[in-house]
Amino acid sequence: MEKTDILAPEEEPLPVKTVLIVEDDADIADILVHALKDETPYQVIHVQDGFAALKVVRTIIPDLILLDYLLPNMDGLECVELLRAITPIEQAPIILMSANLPRRAKERKDLLFLLEKPFELDLLLLQIKQILDT
């Protein structure tokens, strides 16, 4: 009689979490994209403005949004307003980034936190992991 291996039923792979980066500065975007791809298991999508972000979220619901404040065509807070109007995005964590955060951004309660540029990349990666792994 041959000994056969008993195979455990295949486990469903955990869904990959997605980070949407909305950043018009190519250098900052490049750093963020490469750091997230190299240091985390998350899928990363980068767009350069708020209109592109609104287009992306029609088909992909991000688990976290890193959003620059100073964007072409619409600022980050205008983008937040439009994103929050989309039902699956209304509760998504949003981190607003800027070198000059306006006071009205600091008064918002629907932003996870505000990130002032320049920022410490390692600390940002740690915060992202904490947010997405809870």
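The values are calculated or read from the model by the stated rules, or taken from the named source; none is laboratory data. None of the values given here were measured: they were computed from a predicted structure. Because the Cβ atoms are built from the backbone with ideal geometry, glycine has one as well, and the counts that use them run over all protein chains shown.
Pick from 93, 41: which is free of Cβ contacts under 8 Å to residues at least 60 places away in the same chain, more than 20 Å from residue 114 (Cβ to Cβ) and not acidic (Asp, Glu)? Explain how you work it out, then say what you get.
On the way: 93 fails: more than 20 Å from residue 114 (Cβ to Cβ).
After applying the criteria, what remains is 41.
So residue 21 ticks every box in (1) modelled with pLDDT of 95 or more; (2) surrounded by fewer than 16 Cβ atoms within 10 Å (Cβ to Cβ) but one. Which box is left unticked?
(2)
Hey, does the range 39-48 have a residue that's crowded, with 17+ Cβ neighbours inside 10 Å and touching a Pro at 6+ places or on another chain (Cβ under 8 Å)? Quick ask: steps written out before the conclusion?
Residues of the range 39-48 crowded, with 17+ Cβ neighbours inside 10 Å: 42, 44-48.
Then keep just the ones that are touching a Pro at 6+ places or on another chain (Cβ under 8 Å); that gives 45, 48.
Yes, the conditions are met somewhere in the range 39-48.
Report yes if some residue within the range 53-70 is farther than 25 Å from residue 16 by Cβ, in a loop (DSSP other than H, G, I, E, B) and not basic (Lys, Arg); otherwise report no. Break it down stepwise before answering.
Initial filter on the range 53-70 (farther than 25 Å from residue 16 by Cβ): 69-70.
Applying the additional criterion that residues be in a loop (DSSP other than H, G, I, E, B) yields 69-70.
Remaining after also requiring not basic (Lys, Arg): 69-70.
Yes, that holds for at least one residue.
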